[in-house]
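S.K.: Got a structure for you, questions after.
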Amino acid sequence: MRLTLIAAVSMLALTGVASASVAAPSAIAQTAEYSDAQLQAFSTAMGQVRAAAPTDGTAPNAEQQAAMAAAVEGSGMDITTFNALATAVSSDEVLRARLAVLDTPQSPAGSVAASVTDAEAAQFASAMVQVRAAAPTDGSAPTAEQQAAMASAVSASGLELDRFNAIAQAVSTDARLRARLALADARGG
C-alpha cells in the first residue's frame, strides 16, 4: 500500500500539479467525483507527504513511508483514495484549477475580487480569449480596429466594459481571483 503512495508522490513530483495539459473529456467527467472537502483533505495531506518525502530523489525509507502514510490517513483519507485523487489531479486541468482555488486565500471582503460571481468569472475568461486574439502581439498600442474588436469581445461576453476593466485590474493583485479565472478558463476550454 505504501509503495502505491510513493508512486503517486513520485508521479506528482515529476509531472507537477500545476503543469498545464489538455484534459480529455473523460478526465473532465472525473472532476464531479471529488468534493471540495476531499480536495482540501488531499491538499493538506499532499503538503505533509511532500514534507516527509526525501528531497534528494531517492526512495523513501521505512520511517518516511510511515510518515507519508500517517499524513494521508491523518487527513481523513485512505491511501487508495489519495492515490486516485493524485492521479486525477495530475491529468485533469479542471481538477487542478479547483485545487488551486481552494489553496489560495480568500479575496479581501468588500474588494472587487471578492464581488466577482462565478458567472462573471466565466464571462471574463471567455472575453479574455477574444481580447487576447484581437490585441497586438508585438506589445504596441492597439489600432482603432483592434480596440473596437476588443470592446466588441467584452460586450459579447455580457460584461459591461467598466466591470470588465475593474475585474482586469483586480486580477493583478488578487491570487484567489486569478485562480478562479483559471478555473473558469479550464471549464470553458
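Laboratory data are not the source of any read-out in this text; all were calculated from the coordinates shown. For clarity, every value in this text was computed on a predicted model and none was experimentally measured. Ideal geometry is used to build each Cβ from the backbone, glycine not excepted, and the neighbour counts take in all protein chains shown.
S.K.: Over 20 Å, how big is the tail of the calculated P(r) for segment 117-189, in percent of all Cα pairs?
M.R.: Counting every Cα pair in segment 117-189, those more than 20 Å apart make up 28 percent.
S.K.: On to the next question. To the nearest 0.05, how large is the calculated FRET efficiency for residue 102 and residue 70 if R₀ is 30 Å and r is the Cβ-Cβ distance?
M.R.: Result of the calculation: an efficiency of 0.85.
S.K.: To check my understanding: the extent here is largest minus smallest coordinate of the Cα atoms along each principal axis. What are those three numbers for segment 51-125, in Å, largest first?
M.R.: 49, 27, 25
S.K.: If each residue of separation counts as 0.36 nm, what is the full-extension length gain between residue 63 and residue 33 once their alpha-carbon separation is subtracted?
M.R.: Result: 7.6 nm gained on full extension.
S.K.: List the residues of segment 120-134 whose backbone N lies under 18 Å from a point placed 7 Å from the Cα of residue 152 along the Cα-to-Cβ direction.
M.R.: Those under the cut-off are 126-134.
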